[in-house]
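A short worksheet on the structure shown next.
The values are calculated or read from the model by the stated rules, or taken from the named source; none is laboratory data. The shown structure was predicted, so the numbers you read here are calculated from the model rather than taken from an experiment. All Cβ positions, even for glycine, are placed from backbone atoms using ideal geometry, and neighbour counts span all protein chains on display.
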Amino acid sequence: MTSRPEKTEIRDLSLLPSVDRLLRSSAAGSIRDAAGADRLTALARAVLDEMRSALADGELRAGSNAREALLDEAEARLNEKWRQMSRRGLGRVINATGVVIHTNLGRAPLSNAARNAIVEAAGYCALEYDLSTGARGRRGQRVDEMLCELTGAEDAVVVNNCAAAALLVLSAFAAGREVIVSRGELVEIGGDFRVPDVLARSGATLREVGTTNRTKLADYERAIGENTAVLLRVHPSNFRIVGFTAAPAIADLAELAHERGILLIEDAGSGATAELRELGITDEPVIAESIAAGADIVTFSGDKLLGGPQAGLIVGRRELVERVRRHPLYRALRVDKLIYAALEATLDAHLSGRAAGEVPVLKMLAAGSGEIRRRAEALVDAIAGPSLTAELIDGLSAVGGGSAPLEQPFTTLIALRHSERTAAEMEASLRAGRPPVVARIADDRLLIDLRTVAAEDEGLLRDALSAL
Ligand SMILES: *Cc1c(COP(=O)(O)O)cnc(C)c1O
C-alpha cells in the first residue's frame with residue numbers, strides 16, 4: 001500500500017513563483033491576447049500579493065512538490081481573476097419572470113427592426129443633415145413627424161427620458177410661477193422620480209388641490225391665481241386608488257386652463273397607443289386622446305408601453321414645443337442618433353399597424369395563456385428528469401415598468417422542484433449561467449413564465465433548466 005503524501009502548511013516565501021514565471025505559465029498565455037500585456041502583469045502581481053499574505057497567514061498547504069503546487073494555485077487564481085474581470089457588464093439576460101417591462105432588466109426589449117436600425121445608424125447617418133438640399137437639417141426631424149402622426153399633435157421633441165421631459169417642460173413654462181397638481185397625483189415613480197421634487201427643481205412652486213382620492217374641477221378653479229402658469233395632470237402609473245374616487249376629465253381641465261389663459265400639461269408616463277386597448281390594457285392614458293381632448297403638452301416614455309428605446313417624448317402645440325426646443329436645458333437633455341434610429345423603427349411599426357406582431361412588449365402582452373401553456377408543455381417534456389420535477393400551474397404575469405398595475409395577464413407558469421436543491425439554489429445557479437436566466441421563487445418552487453422569453457431564446461432556456 002502506498003501512503004498518500006501528507007500536505008503540510010507552507011510558510012517559505014521563496015517557494016512562490018516569481019511574476020515572470022507566472023507570466024510564462026500556460027494560464028497567462030491563454031489570457032494574454034484578450035487582457036493585453038499590461039493588464040495581465042497587473043493581474044499576476046495581484047495574484048502573487050494575495051498568495052503572499054495567504055502564505056504568511058498559514059493558509060496554503062502542499063504535498064511533496066510545493067513549488068509546483070504553488071504555481072498551479074497561482075495559475076488557478078489568475079484564471080479566476082480574469083474570469084471575473086472579463087465578465088460583460090451588459091450581456092444579454094433571459095427574462096423568465098413574466099414582468100414584461102422589467103426596469104432592472106432594461107425595460108422594453110427592442111424589435112429586430114429597431115436593433116438593425118441602431119446598427120445602421122452607428123456609422124455616419126443624416127442626423128442633422130438634409131439630403132435633399134445638402135444643407136444642415138433639424139436633428140430627429142423624421143421622428144418628430146412620426147410622433148405627430150401617431151398622436152395628432154402639431155409638433156414633438158425627444159429627450160433622454162420622461163423625467164427629463166417633465167423637468168424641461170416645467171422649466172420652460174412654469175419657472176418662477178405656480179403649478180396646480182391634485183393631491184392624488186403627487187406620486188413617486190420608480191425610485192427617484194417624485195413629482196414635488198421635479199417641480200421644485202424646475203423652479204416652479206407647487207400648489208396642491210383636492211384630496212388623495214377625490215379632486216374636482218372646482219378645486220382647480222378656485223386655486224388658479226395671478227401667478228398660476230400650469231395645470232399639471234400626472235398619471236399615477238404604478239399605483240391605483242380604487243373605490244370612492246373622482247378626477248375631472250382631461251377635456252374639462254383643458255377647457256378650464258384655456259378659459260383662464262394658462263396651460264394644461266399631462267405627464268402620461270407610459271405612452272399607450274389605441275392598439276393597447278385591444279390587448280386589454282385599458283387604464284393607461286392614450287396620448288392621442290389627451291391631445292384631442294385639448295392638452296397643450298403631453299410627456300411620456302419611449303421604453304414603456306411604446307416598446308422602444310429609453311427616451312422622453314414631448315408632444316403638443318407647435319409654438320410651445322418650439323419653445324421647449326430652444327430652451328438651454330434641451331441641449332443637455334437631447335438624445336443621440338442611436339436612440340433616434342430605434343425610435344424611428346419602433347414608431348414605424350406602430351404607424352403601419354405591425355406593432356402587435358413586431359414590437360416585443362406588445363407581442364408579449366398579446367400572447368394568450370393558451371399559447372403560453374402550449375410552449376410550457378413542450379418545454380416541460382424536454383427538461384423533466386429524475387431529480388427535477390416540473391408542473392404547470394395557472395398564474396399571473398405583470399406589465400411592469402410602473403404601468404397598468406391592476407392589469408395582470410393570465411399565464412401558465414412552469415413550477416420546478418429539485419430533489420437535492422432548494423429553489424433559491426436553482427435560482428442562483430440560473431443567474432450565474434451563460435446567458436443568465438432570471439426567474440421567480442414562490443413556495444420553495446422556481447417559477448418560469450414564458451411570456452417574457454422570446455421564442456428564439458427557448459433553446460437556451462431549455463439547456464439552462466436541463467443542467468439544474
Ligand atoms: C415612468 C414615468 C416617469 C419617468 O419616466 P422615465 O422615462 O423613466 O424617466 C415619469 N412620469 C410618469 C407618469 C411615469 O409613469
List every residue pair whose Cβ atoms lie under 6 Å apart, where the two residues are 6 or more positions apart in sequence or sit on different chains, the first residue falls within region 86-115 and is over 19 Å from residue 281 (Cα atoms), and the second residue, located anywhere, is among the polar types (S, T, N, Q).
-> 95/452; 105/95; 114/346
Those residues of region 182-197 which are within 12 Å of the ligand (Cβ to nearest atom) and either closer than 14 Å to residue 269 by Cα or touching a strand residue (DSSP E or B) at 6+ places or on another chain (Cβ under 6 Å) (or both), in sequence order = 185, 186, 187, 188, 189, 190, 193, 194, 195
Which ones in region 265-290 are buried (at least 23 other Cβ atoms within 10 Å of the Cβ) and either more than 20 Å from residue 357 (Cα to Cα) or modelled with pLDDT of 95 or more (or both)?
-> 265, 266, 267, 268, 269, 284, 287, 290
Could you check how many residues of region 290-301 are within 26 Å of the chain's Cα centre (by Cα) and not hydroxyl-bearing (Ser, Thr, Tyr)?
-> 3
Is it true that residue 179 is within 16 Å of the ligand (Cβ to nearest atom), of a type in the set (A, V, I, L, M, F, W, C), within 26 Å of residue 216 (Cα to Cα) and in contact with a strand residue (DSSP E or B) (Cβ under 9 Å, 6 or more places away or on another chain)?
-> yes
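Tell me the residue from 394, 348 that is more than 23 Å from the chain's Cα centre (by Cα) and among the acidic types (Asp, Glu), please. Spell out the reasoning first.
On the way: 348 fails: more than 23 Å from the chain's Cα centre (by Cα).
None of the others qualify; the one that does is 394.
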Which listed residue, of 186, 206, is within 24 Å of the chain's Cα centre (by Cα) and in contact (Cβ under 8 Å) with a residue 24 or more places away in the chain = 186
Among strands (runs of 3 or more DSSP E) entirely within region 159-254, at least 3 residues that are surrounded by fewer than 19 Cβ atoms within 10 Å (Cβ to Cβ) occur in 205-209
Kindly establish whether residue 346 is touching a Gly at 6+ places or on another chain (Cβ under 6 Å), under 16 Å from residue 147 (Cα atoms) and among the β-branched types (Val, Ile, Thr).
-> yes
Residue in region 305-349 that is farthest from residue 175 (Cα to Cα), counting only those that are crowded, with 23+ Cβ neighbours inside 10 Å and of a type in the set (Gly, Ala, Ser) = 345
Note down all Cβ pairs under 6 Å where the first residue falls in region 275-301 and is on the phi > 0 side of the Ramachandran plot, the second is not β-branched (Val, Ile, Thr), and they're at least six residues apart or on different chains.
-> 294/251; 294/254
Residues that are farther than 19 Å from residue 311 by Cβ and either touching a helix residue (DSSP H, G or I) at 6+ places or on another chain (Cβ under 9 Å) or within 16 Å of the ligand (Cβ to nearest atom) (or both), drawn from region 129-151 | 130
Residue that is farthest from the chain's Cα centre (by Cα), among those in region 56-78 that are surrounded by fewer than 17 Cβ atoms within 10 Å (Cβ to Cβ) and under 28 Å from residue 32 (Cα atoms) = 65
